[in-house]
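**Student:** What follows is a single structure, and I will ask about it in a moment.
Derivation of every value follows stated rules applied to the coordinates shown; laboratory data play no part. Just so it is clear, the model here is predicted, and its values are computed rather than measured. Because the Cβ atoms are built from the backbone with ideal geometry, glycine has one as well, and the counts that use them run over all protein chains shown.
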Amino acid sequence: MGRCRWVFAGSMIAPVLFSSYGWLCCLVLAPLVLALVVAAALLLGALRHATPVFGWRHGVRPATDEERDAVWEALVPARSLRGRGQPTVWVLRRGGRHASRVTAPTRRALAVTEPMLVGLLDRQVDPSEFTAAALHALGARRLRDRVGAEVVELFCLPWAVPAAVVDQLVVRWGGVRLIRFLWQARFVTAGIAIVQQTQAGRPGTAVGVAAVLALTYLHPWCRARWAACLLRAGDDRVTGEGLGPTYAGMLRRSPATGLAAQHRLARLESGATATR
């Protein structure tokens, strides 16, 4: 757990710095707008558990009694999700083709896609597999809550838009060899800039360039480790309920390969809990 906290903190250094500058600009240029944004955020935070706000925020709608009972019946294999541990059930209204069929908006709520609900109602979905997927989502959510991910991400809203744009550009142009080569050789350009600024008697600027260069390596490294921490947290919740082999069987039907994937499958099948 401690390691994951540090990894998450490292992954948020660049977003927090960028967002701090963005909020500072808003404070100087448009203080009234910033005050309205903060007031709206506080109001939404106070009403975050109200059905309309919760549904708008997470893109879900409340499940009908029939849908809720189908989900609860499928969750019987998990001891922790029976009785008082039963989560509230929501239906996911948005999501791309690759979106997960079961997500956890909070650690006491599950959002299920409509096709998955149809499969549960028609008894075409293995309850054990559904339960394993739900446990994995809840395990990852618990880790996010423990490190305060949502609060930090709320502060980093100014970072979210440019980050989404950059992600799309990477998906579209990241495979171009010239662009990939220039990005991999960024230490050369930055090194020249650091030397030039130092020789020009501007050590502060040189330190700033060095810090930005370091962040270009630290941020993606920490993001990848944080994603691995979330996977391990979900895997631990699944194996803790004895459904590791079931979840491993589900993963084997996906095209994921590689040594890390094989190690993960072996750990799930053995029921071992990852250490942090």
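**Student:** Exposure proxy check: Glu67, Glu269 ranked by fewest other beta carbons within 10 Å?
**Tutor:** Least crowded to most crowded, the residues run Glu269, Glu67.
**Student:** So for segment 77-153, what percent of the C-alpha to C-alpha distances run longer than 21 Å?
**Tutor:** 28
**Student:** Place +1 on the Cβ of every Lys and Arg and -1 on the Cβ of every Asp and Glu in segment 26-154, take the dipole about the Cα centre, and give the residue among Leu138, Leu154, Leu75 whose Cα lies farthest towards its positive end.
**Tutor:** Of Leu138, Leu154, Leu75, it is Leu154.
**Student:** Next up: Would you report the distance distribution of C-alpha pairs in segment 220-264 as whole percents per 5 angstrom bin, up to the bin with the largest distance?
**Tutor:** 5, 19, 24, 29, 16, 6, 1
**Student:** Still on this structure, I have one more. What's the center-to-center distance, using Cα atoms, between segment 1-80 and segment 156-231 in Å?
**Tutor:** Taking the Cα centre of each part, segment 1-80 and segment 156-231 sit 27 Å apart.
**Student:** Could you list the square roots of 5 times each eigenvalue of the Cα gyration tensor of the chain, that is, the equivalent ellipsoid semi-axes, sorted largest first and rounded to whole Å?
**Tutor:** So the three semi-axes of the chain are 39, 26, 17 Å.
**Student:** Take His219, His49 and order them by how many other Cβ atoms sit within 10 Å, fewest up front.
**Tutor:** If I rank by nearby Cβ atoms, fewest first, I get His49, His219.
**Student:** Tabulate in residue order the Karplus-calculated ³J(HN,Hα) for segment 78-84, using 6.51 cos²θ - 1.76 cosθ + 1.60 with θ = phi - 60°, rounded to whole Hz; enter x for Gly and Pro.
**Tutor:** 9, 4, 6, 10, 9, x, 5
**Student:** Right, something else. What residue among Pro15, Pro203, Pro127 shows peak mean-square fluctuation when the chain is described by a Gaussian network model with Cα springs under 10 Å?
**Tutor:** Of the options given, Pro203 has the highest mean-square fluctuation.
**Student:** Oh, and also: Using a Gaussian network model of the chain whose springs link C-alpha atoms within less than 10 Å, name the residue from Trp159, Trp90, Trp56 with the highest mean-square fluctuation.
**Tutor:** Ranking Trp159, Trp90, Trp56 by mean-square fluctuation puts Trp56 first.
**Student:** Would you mind checking the radius of gyration and Dmax of segment 170-220 based on alpha-carbon positions, in Å?
**Tutor:** 13.1, 40
**Student:** Here is a follow-up. With each run of n ≥ 4 DSSP H residues scored as -39500 (n - 2.57), what mean residue ellipticity at 222 nm is computed for the chain after dividing by its residue count and rounding to the nearest 500 deg cm²/dmol?
**Tutor:** My calculation for the chain gives -22500 deg cm²/dmol from helical runs alone.
**Student:** Using amide H atoms built 1.01 Å from N in the peptide plane, name the residues 5+ places from Val60, or on other chains, whose amide H lies under 5 Å from its own.
**Tutor:** Arg93
**Student:** Here's another thing I want to ask about it. Rounded, prolate or oblate: which fits segment 158-270 when a ≥ b ≥ c are the square roots of the eigenvalues of the alpha-carbon gyration tensor, with rounded for a/c under 1.5 and prolate only if a/b beats b/c?
**Tutor:** Here segment 158-270 falls in the prolate category.
**Student:** Which of these, Val209, Val60, Val16, has the largest mean-square fluctuation under a Gaussian network model of the chain (Cα springs below 10 Å)?
**Tutor:** The residue with the greatest mean-square fluctuation here is Val209.
**Student:** Where does each of Thr216, Thr103 land when they are ranked from fewest to most other beta-carbon atoms within 10 angstrom?
**Tutor:** If I rank by nearby Cβ atoms, fewest first, I get Thr216, Thr103.
**Student:** Kindly point out, ordered by number, any Cys in the chain whose beta-carbon has no other cysteine beta-carbon under 4.7 Å away.
**Tutor:** For the chain, the answer is Cys25, Cys26, Cys156, Cys222, because their Cβ atoms have no other cysteine Cβ under 4.7 Å.
**Student:** Compute, for the chain, the length of the dipole vector about the Cα centre, with Cβ point charges of +1 (Lys, Arg) and -1 (Asp, Glu) only. Units Debye, rounded to 20.
**Tutor:** 660
**Student:** Provide the descending list of Cα extents for segment 46-121 along its principal axes, expressed in whole angstroms.
**Tutor:** 31, 31, 21
**Student:** How big is D, in µm² s⁻¹, for segment 26-154 by Stokes-Einstein at 25 °C and 0.890 mPa s if Rh is the Kirkwood radius over C-alpha pairs?
**Tutor:** My calculation gives 152 µm²/s for D.
**Student:** Considering only DSSP beta bridges whose two residues both sit in the chain, what percent are antiparallel, to the nearest 5?
**Tutor:** Counting only bridges with both partners in the chain, antiparallel ones make up about 55 percent.
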